[in-house]
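Undergrad: Structure in structure tokens, see below.
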Amino acid sequence: MRFHSPSAIGHAYILSSPSREDAVRTARDIASAAVCLSGSDVPCGVCRGCRKAAAGIHPDIITVRRQTDTKGNLRRELTVAQIRELSLDAQVLPNEAERKAYIIEEAELLNTNAQNAALKLLEEPPRTAVFLLCAVNPQLLLETVRSRCQLIRPDV
């Protein structure tokens, strides 16, 4: 996915696809565009920001995933504590790029409290952040969350 400039990227997207991998791949493309240093027709794929994004080492691209429990099993949901941590981090200026990109994998697994915590960020987003919610079934997200995000269906 390409944008004419980093400023053309909205503050929040829901990336919905039956394939979780397609949604995450599109989120990574948008995140790369958000940290691209070329200034136009982003992501360029060749600048330092794009190369770091492709290598998975850009400090301004943060991925939120389900955590594991003490036995090493994935938890059933994303928690309010994870969103509160993300919220605190979003208030800190980016390290290298103009914006930070937060990729929330399996966003439909955000529990209700976590979604309500995310709502504050989506309603009053820091100007230096973009939120990318990946969901197989976006209908599981609260209507108030969905209404504050642009929906993209990568496979369509």
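Undergrad: Has the range 42-50 got at least one residue that is over 16 Å from the mean Cα position of the chain (by Cα) and closer than 28 Å to residue 141 by Cα?
TA: Scanning the range 42-50 turns up no residue that is over 16 Å from the mean Cα position of the chain (by Cα) and closer than 28 Å to residue 141 by Cα.
Undergrad: Let me ask you something else. Could you look through the range 1-19, keep only residues that are open to solvent by 80 Å² or more (accessible area, probe 1.4 Å) and closer than 16 Å to residue 134 by Cβ, and pick out the one that is modelled with the lowest pLDDT?
TA: 1
Undergrad: I'd like the full set of residues that are hydroxyl-bearing (Ser, Thr, Tyr) and in a loop (DSSP other than H, G, I, E, B), limited to the range 1-44.
TA: If the condition is that a residue be hydroxyl-bearing (Ser, Thr, Tyr) and in a loop (DSSP other than H, G, I, E, B), then 5, 17, 19, 38, 40 are the ones that fit.
Undergrad: Which one of these is open to solvent by less than 20 Å² (accessible area, probe 1.4 Å) and either within 24 Å of residue 154 (Cα to Cα) or in contact with a helix residue (DSSP H, G or I) (Cβ under 8 Å, 6 or more places away or on another chain) (or both): 115, 67?
TA: Exactly one of 115, 67 is open to solvent by less than 20 Å² (accessible area, probe 1.4 Å) and either within 24 Å of residue 154 (Cα to Cα) or in contact with a helix residue (DSSP H, G or I) (Cβ under 8 Å, 6 or more places away or on another chain) (or both), namely 115.
Undergrad: Let me spell it out: the conditions are (1) out of contact with any Pro (no Cβ under 8 Å at 6 or more places or on another chain); (2) at pLDDT below 95; (3) within 12 Å of residue 129 (Cα to Cα); (4) not polar (S, T, N, Q), and residue 31 meets all of them except one. Which number is the exception?
TA: The single condition residue 31 does not satisfy is (2).
Undergrad: Would the range 28-42 turn up any residue that is in contact with an Asp or Glu (Cβ under 7 Å, 6 or more places away or on another chain) and touching a residue at least 40 places away in the same chain (Cβ under 8 Å)?
TA: Within the range 28-42, the first condition is being in contact with an Asp or Glu (Cβ under 7 Å, 6 or more places away or on another chain), and the residues that meet it are 35.
Next cut, touching a residue at least 40 places away in the same chain (Cβ under 8 Å) only: 35.
Within the range 28-42 (the criterion being in contact with an Asp or Glu (Cβ under 7 Å, 6 or more places away or on another chain) and touching a residue at least 40 places away in the same chain (Cβ under 8 Å)), the answer is yes, since at least one residue qualifies.
Undergrad: For residue 80, indicate whether it is β-branched (Val, Ile, Thr) and more than 30 Å from residue 47 (Cβ to Cβ). Steps first, answer last, please.
TA: Working: β-branched (Val, Ile, Thr): yes; more than 30 Å from residue 47 (Cβ to Cβ): yes.
In short, yes.
Undergrad: Return the only residue of 108, 143 being acidic (Asp, Glu), surrounded by fewer than 18 Cβ atoms within 10 Å (Cβ to Cβ) and farther than 24 Å from residue 8 by Cβ.
TA: The match here is 143.
Undergrad: Something else about it: With the structure loaded, tell me whether residue 128 is in contact (Cβ under 8 Å) with a residue 24 or more places away in the chain, surrounded by fewer than 19 Cβ atoms within 10 Å (Cβ to Cβ) and either under 22 Å from residue 51 (Cα atoms) or of a type in the set (Gly, Ala, Ser) (or both) or whether it fails that test.
TA: So residue 128 fits the description; yes.
The values are calculated or read from the model by the stated rules, or taken from the named source; none is laboratory data. Keep in mind the model is a prediction, meaning the values are calculated, not measured. Every residue, glycine among them, receives a Cβ derived from its backbone with ideal geometry; neighbour counts consider all protein chains shown. Heads up: the accessible areas ignore ligands, DNA and RNA and are worked out on the full protein's heavy atoms, side chains in. Shrake-Rupley method; radii C 1.70, N 1.55, O 1.52, S 1.80 Å.
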